[in-house]
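I have placed the structure first, in the form of structure tokens, so that the comments after it can refer back to it.
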Amino acid sequence: MPKGNFTLGAIFGAAMMAPLAIIINESRRRRKNEAETHGSEKEIMCQRRAPKRCGGAIQLKPDQYQEYTRLHDEVWPEVLERMARSNIRNFAIYYHEATNTLFSHFEWIGHWKMESDNEIERKGCKFAKAKYQQRIEKEKELFESDMEAIASDEIVRRWWSFCEPCQTPFP
């Protein structure tokens, strides 16, 4: 490679790295300000746990592939809105052609709205095991409530009435 091209490449590379350094420094500054305002950076990061991941499997009737994909290419906006209000995100369906099996996956983030351990402690739950048990019970209640809200929604039930004939539950 001629020396001129190397120099040009080095200058271009340095120019591209400068904005990245600014973004990284801005992100560090923002995290530091949040930590000073709301507690340590570790406390902030610990308050938001990983999403609850859920999955399922069902068989697709072999002659229903086209209909099922057509339905899911045009999911009703009200169904998507209900899922979002019920703290569902990253919903995906995968198809295994050899077995006509549909695999679904979603993340539930309802526990992100729960009170922090500090708030639980202020309300009188002082022992770690009790705090943990209280949090687990509350999370379970929230999850069940969100799933019930989806299952009882009239529009979602109507949507399912179009999807269910395409599927066969496993025995």
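The values are calculated or read from the model by the stated rules, or taken from the named source; none is laboratory data. No experiment lies behind these values; they were computed from the predicted model shown. All Cβ positions, glycine included, derive from the backbone under ideal geometry; neighbour counts span all protein chains shown. Heavy atoms of the whole protein, side chains included, go into the accessibility calculation; ligands, DNA and RNA do not. Shrake-Rupley method; radii C 1.70, N 1.55, O 1.52, S 1.80 Å.
Before moving on, here are some points about what is shown:
- Any hit, the range 72-79, residues being out of contact with any Ser or Thr (no Cβ under 6 Å at 6 or more places or on another chain), under 14 Å from LYS52 (Cα atoms) and modelled with pLDDT of 85 or more: no
- Per-region count, the range 63-118, residues in a helix (DSSP H, G or I), within 26 Å of PHE143 (Cβ to Cβ) and charged (D, E, K, R): 6
- Residue pairs meeting the criteria (Cβ under 8 Å; at least 6 apart or on separate chains; first open to solvent by 50 Å² or more (accessible area, probe 1.4 Å), in the range 46-58; second among the acidic types (Asp, Glu) and at pLDDT 70 or above): LYS52/GLU107; LYS52/GLU139; ARG53/GLU107
- All positions within the range 98-132 that are basic (Lys, Arg) and either open to solvent by 60 Å² or more (accessible area, probe 1.4 Å) or at pLDDT 75 or above (or both): LYS113, ARG122, LYS123, LYS126, LYS129
- Residue within the range 139-148 that is within 26 Å of GLN66 (Cβ to Cβ) and at pLDDT 95 or above present: no
- Flag for ARG135 being part of a helix (DSSP H, G or I) and at pLDDT 95 or above: no
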